[in-house]
Amino acid sequence: MTEVRRIITRRVLSYKTSRPLTSRLSPTFSNGRERESYPPQSLLSLQPVDLRMEFRRRALSKPHRSLTPAGAFPAKSGSSTRVQASDALPLPIRHTNKLFSVLFMASMYYLMCRWREKIRTGAPLHTLTLSDIPAIVGFIASLVYLISFFGIAYVQSFVSSHYDEDDFLLSSDQPAPCPLTCSKKSPLAAESLFGDDEEIVSAVVAGKIPSYVLEAKLGDCRRAAGIRREAISRLTGRGMEGLPLDGFDYSSILGQCCEMPVGYVQLPVGIAGPLLLNGKEYFVPMATTEGCLVASTNRGCKAIALSDGAVCVILKDGMTRAPVVRFATAKRAAELKFFLEDPRNFETLEIVFNRSSRFAKLQGIKCSLAGKNLYMRFSCLTGDAMGMNMVSKGVQNVLDWLQNDFPDMDVISISGNFCSDKKPAAVNWIEGRGKSVVCEAIIKEETVRKVLKTTVPALVELNTLKNLAGSAVAGALGGFNAHASNIVTAIYIATGQDPAQNVESSHCITMMEAVNDNNDLHISVTMPSIEVGTVGGGTQLASQSACLNLLGVKGANSDSPGANSRLLATIVAGSVLAGELSLMSALAAGQLVKSHMKYNRSSKDISKALPPDS
Ligand code: ADP
């Protein structure tokens, strides 16, 4: 192991002094960009090559379309880059055109000089010297190129009144095809289909056009969604009248948030608050269809505010990813474990890992073995991003790098479930994932009585029997609470978090104790794995970013990267505290069923609602 360490240290020193580290990293992440556009590219790879070639051929055959400079397919929506004829050529179009034009002129000039010389010297015209042959070949090749490029396009512009199978995709009144690029505005009125669209719908229904290429082919995301929706309706024989189509910017989700859209689901957003947390007030947006949830959280917020507010502390911050690798023997797997966990190697590994982003900061690697299989749980800071992509890139860097010294290491998967993402797992409960947070408040006896309509002893007893003993009886994993996931999920949906991460983000132990001579209530929620971000994923979408803005945590925090996402985690915990307080009080007061019967089955004023069930 000492030898391995020495080799690696030597290599890292050479990194620092000679070649850039990026040259040794995986091809996927080695281009030095902060964020790879791999979702769009992976989408692009779904498109059949022949379809792409078809675009290019058509672009060639339509001289009235401007042939903009060649470039890669745009990764971000809203880009104006289009598919060009040059995409089908090994060089950009302007270069190939120049090359063949120069070749044509040069070879013609040479052949004419030779012709004049032969006439002057009286030599027979058909005799060729060695230097004449390449000139003739060059002349013919450039002539064929120039005729096929300009000539065919020119002729087609006059004679192509007939279109074949999908010519309608390029009719002049529609946007040029631009894979993974969509215009913001739709030329279509709601629900209406133009004549051309009718043909596309039929082609999709008949399976001639795959549904997933519509955005790329049409260059208009709203139109693509409308056509897809109509095709699905015809295929299933079922309408989607209740699912709205208009009023959503489909280009904002392209290659990023959702594929093959046909509309969007409407969810009401309620506001609970003000939540008085660490001396500041927050109005908390909650997207939910569960009656009483917002009202209940709101009541908890009121109780907290009347008791001088809650205090929240971030205990730990680190997103995790754990690949699984296999060796021929358990001994070799153990060797890598010892190497990774040796503090003397940390600096080296940190340099390799942190190349993934300027926000990525490796914090530690925890290893676990199952025979000859090794699971390495990398943990890192990810700034204001929730950070799954960032941490995955860092892990990939390290795996590529380790391969040099552990060539017998067989990488099975970048994720080996020891991470553990979106699954109940003790590792998150014990070690934490994302933000580990504790939040507390002391609720005055009077507030417990007047606002929560119960007593401190009743709450403490109920908490012990339900959240602690009851959950133990149930064999709970991180579920020592009344309904943390209710609040977590509602805030996650409103603010563009990944709602599937509510699994571990809702891990919570709620504690209650009588304090101040048994008069007041000390309540706390401890949540070890709140996974939130304020950049990336769904956070950039209009509605979600409006909710983040309401909380004052929209986007990246430029002064202190990570401050926005950490503040959001504290707001989640504070809101959970409010939710726990209110529901537990309702249960203690025996109001729950009454409350649900009253407000979940009627249209009465919800502001007077009692708390919901868990
Ligand atoms: P996620 O994994 O949560 O989807 P990513 O790691 O993919 O997030 O993306 C975050 C992107 O946002 C990165 O490209 C990063 O460079 C960029 N970014 C800009 N500002 C910040 C910030 N303050 N914190 C984190 N990432 C930031």
Computed lengthening from Met108 to Ser202, 0.36 nm per intervening residue step minus Cα-Cα distance: 28.7 nm
If we count other beta carbons within 10 Å of each Cβ, what is the order of Lys217, Lys98, fewest first? Lys98, Lys217
Distance violations [Cα-Cα > 26 Å] among Lys280/Lys316; Lys423/Lys453; Lys423/Lys554: Lys423/Lys453; Lys423/Lys554
The set of residues whose placed amide H lies less than 5 Å from the amide H of Thr288, leaving out same-chain residues fewer than 5 positions away, is Gly270
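If the only charges are +1 at each Lys and Arg Cβ and -1 at each Asp and Glu Cβ, what is the size of the charge dipole of the stretch 359-473 around the Cα centre, to the nearest 20 debye? Write out the running numbers ahead of the final one.
Details: 14 positive and 11 negative charges, 100 e Å.
Computed about the Cα centre, the dipole is about 480 debye.
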Please report, in debye to the nearest 20, how large the charge dipole of the stretch 456-537 is about its Cα centre when each Lys and Arg carries +1 at its beta carbon and each Asp and Glu carries -1 there. 180
I need Asp220, Asp317, Asp342, Asp249 ordered by Cβ neighbour count within 10 Å, fewest first. Asp342, Asp249, Asp317, Asp220
Of the candidates Met511, Ala482, Val460, the farthest towards the positive dipole end of the stretch 419-518 (Lys/Arg Cβ +1, Asp/Glu Cβ -1, centred on the Cα centre) is Ala482
Ordering 323-330, 433-440 by per-residue average of other C-beta atoms within 10 angstrom, highest first, gives 433-440, 323-330
Dividing the Cα radius of gyration by the Kirkwood radius, what Rg/Rh value follows for the stretch 253-322? 1.14
With label points set 7 Å from each Cα along the Cα-to-Cβ direction at Ala334 and Val313, the distance between them in nm comes to 3.9
Listed highest first by mean packing, meaning other Cβ atoms within 10 Å per residue, what order do 580-588, 266-274 come in? 580-588, 266-274
Taking the Cα centre of the stretch 197-260 as origin and charging only Cβ (+1 Lys, Arg; -1 Asp, Glu), how large is the dipole, in debye to the nearest 20? 220
Tell me, what HN-Hα J-couplings in whole Hz come from the Karplus equation 6.51 cos²θ - 1.76 cosθ + 1.60 at θ = phi - 60° for each residue of the stretch 99-113, using x for Gly and Pro? 4, 6, 5, 5, 4, 4, 5, 5, 5, 5, 4, 5, 5, 5, 4
Inter-label distance, nm, simple model (7 Å from Cα along the C-beta direction), Leu99/Lys423: 5.1
Would you pull out the residues with amide H under 5 Å of Tyr264's amide H, same chain only if 5 or more places away, H placed 1.01 Å from N? none
Going down the list Lys361/Lys393; Lys393/Lys435; Lys337/Lys435; Lys366/Lys393, which pairs span over 22 Å between their C-alpha atoms? Lys337/Lys435
So what J values fall out for the stretch 542-556 if you push phi through Karplus, 6.51 cos²θ - 1.76 cosθ + 1.60 with θ = phi - 60°, rounded to Hz, Gly and Pro as x? 3, 5, 5, 6, 5, 5, 5, 4, 4, 8, x, 10, 6, x, 7
Please name whichever of Gly309, Ala287, Ala333 sits farthest to the positive end of the charge dipole of the stretch 229-380, dipole taken about the Cα centre and charges placed at Cβ: Lys and Arg +1, Asp and Glu -1. Ala333
In whole Hz, the Karplus estimates of ³J(HN,Hα) for the stretch 282-297 (6.51, -1.76, 1.60; θ = phi - 60°; x where Gly or Pro) are 10, 9, 9, x, 10, 9, 7, 10, 8, x, 6, 4, 5, 4, 5, 5
Obtain the radius of gyration and the Kirkwood radius of the stretch 305-454 from its C-alpha atoms and give Rg over Rh. 1.17
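Every read-out reported here was derived from the displayed coordinates using simple, explicitly stated rules and does not represent laboratory data. Note that this is a predicted model, so its numbers are computed, not measured. Please note: Cβ atoms are built from the backbone with ideal geometry, for glycine as well, and neighbour counts cover all protein chains shown.
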